[in-house]
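Below is one structure, written out as structure tokens; the observations come after it.
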Amino acid sequence: MDREILINTITQEVIRQVQSLQASRGVSSAQPASVSRDGILLSDMRPGVKLTEILRLLEKAKSNGCGICVPQWFVSSVKENLNGAKTKIATIIGLPDGTNSPLAKYAEIKQAVAGGVNMVLVPVNMDLCKAGDIKGVQKDLAESITASRGKAESAAIIEVRELDVNTLTETAKACVAAGADGVILSAVTGGTVRADVVRDLKSKGLKTGVIGGVTGREAEFKNAGADWLIVRG
């Protein structure tokens, strides 16, 4: 499947999950409930997104006192438009599924760091993960995130769909052993992030966040100790 089509599919799934939760819980789409400085507003990540859309979301992030996650080619523009605000800038590299080469992900991270990013989110190679090759996942991530060390916070995105709790936990440990500052559990491509799993990873000393299926469950994840809550902006 074409890379742009896959990115579009992931973006649309995020929108679908948010809209479904908003409809069931009465959450207004104009106001990201309970998102504060530990929250990050997720922009449209497709190649066709416009700078004007990104800057509108930036103003929303400033007014809510939270961070913003944008495509890496907009990182420098967001940095230039902070105007003194201490808004955290994040980006996701290696879209859509982390299976591109470590060298390619390294280059993306290096560009994002040069643009002034504060945090890089790196999808783990889910093909390796589902095959049970945890050492391969760790090696792939370690080679990818070298460019961020000492320059930006980093977190590995783990898709929870089709992973049992043991595999997910071992993958999370491997990601931190590879040098990531923490992990982001994702339900963007399906499945559900469980608050008890977040709590368990936290009890093991791992910084843990959530993306996908967060809206309407912010309090639940905060109570579980989540370090990052990434919601559709």
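The values are calculated or read from the model by the stated rules, or taken from the named source; none is laboratory data. All values reported here derive from a predicted model rather than from experimental measurement. Each accessible area value is taken on the protein alone, full model and side chains, heavy atoms only, with ligands, DNA and RNA left out. Shrake-Rupley method; radii C 1.70, N 1.55, O 1.52, S 1.80 Å.
Using just the alpha carbons, could you tell me how many Å³ per residue the convex hull of the stretch 39-167 encloses?
Values: hull volume 14.4 nm³, N = 129.
Spelled out: Cα convex hull of the stretch 39-167, divided by residues, is 112 Å³.
Just to confirm, what accessible area per residue do you get for the stretch 95-233 at 1.4 Å probe, in whole Å²?
Details: 5350 Å² over 139 residues.
On a per-residue basis, the stretch 95-233 sits at 39 Å².
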Practice problem: Round to the nearest 10 and report in Å² the accessible area of residue 63, as given by a 1.4 Å probe over the protein chains' heavy atoms. | Solution: 100
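Quick check: residue separation of residue 51 and residue 82 times 0.36 nm, minus the Cα distance between them. What number comes out in nm? Walk me through the intermediate numbers first.
Working: separation 31, 0.36 × 31 = 11.16 nm, distance 1.40 nm.
Using 0.36 nm per residue and subtracting the Cα-Cα distance, I get 9.8 nm.
So for the stretch 106-193, what percent of the C-alpha to C-alpha distances run longer than 23 Å? Don't skip to the answer; put the middle values down first.
On the way: 762 of 3828 pairs.
For the stretch 106-193, the fraction of Cα-Cα distances above 23 Å is 20 percent.
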Self-check item: Of all accessible heavy-atom area on the stretch 45-95, the percent that carbon and sulfur account for (1.4 Å)
Solution: 51
Quiz prompt | Spatially proximal lysines relative to residue 62 (Cα-Cα < 22 Å; intrachain offsets below 8 disregarded) | solution = 50, 79, 86, 88, 222
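Over the alpha-carbon set of the stretch 145-185, divide Rg by the Kirkwood Rh and report the Rg/Rh ratio to two decimals.
Taking Rh as the inverse mean 1/r over Cα pairs, Rg/Rh reads 1.02.
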Quiz prompt | Entries of 60/110; 110/139; 105/207 with Cα pairs more than 25 Å apart | solution = 60/110
Quiz item: Which percent of the accessible area of the stretch 123-199 is formed by carbon and sulfur heavy atoms (probe 1.4 angstrom)?
Solution: 48
Quiz prompt | Euclidean distance of C-alpha centroids, the stretch 60-74 and the stretch 40-55, integer Å | solution = 9
Self-check item: Under the Karplus curve 6.51 cos²θ - 1.76 cosθ + 1.60, θ = phi - 60°, whole-Hz ³J(HN,Hα) for the stretch 165-180, x wherever Gly or Pro sits
Solution: 4, 5, 5, 4, 5, 5, 5, 4, 4, 5, 5, 5, 5, 6, x, 5
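In what order, largest first, do 73, 228 sit by accessible area if the probe radius is 1.4 Å? Could you put the intermediate results ahead of the total?
Values: 73 115, 228 10 Å².
Largest accessible area first, the residues go 73, 228.
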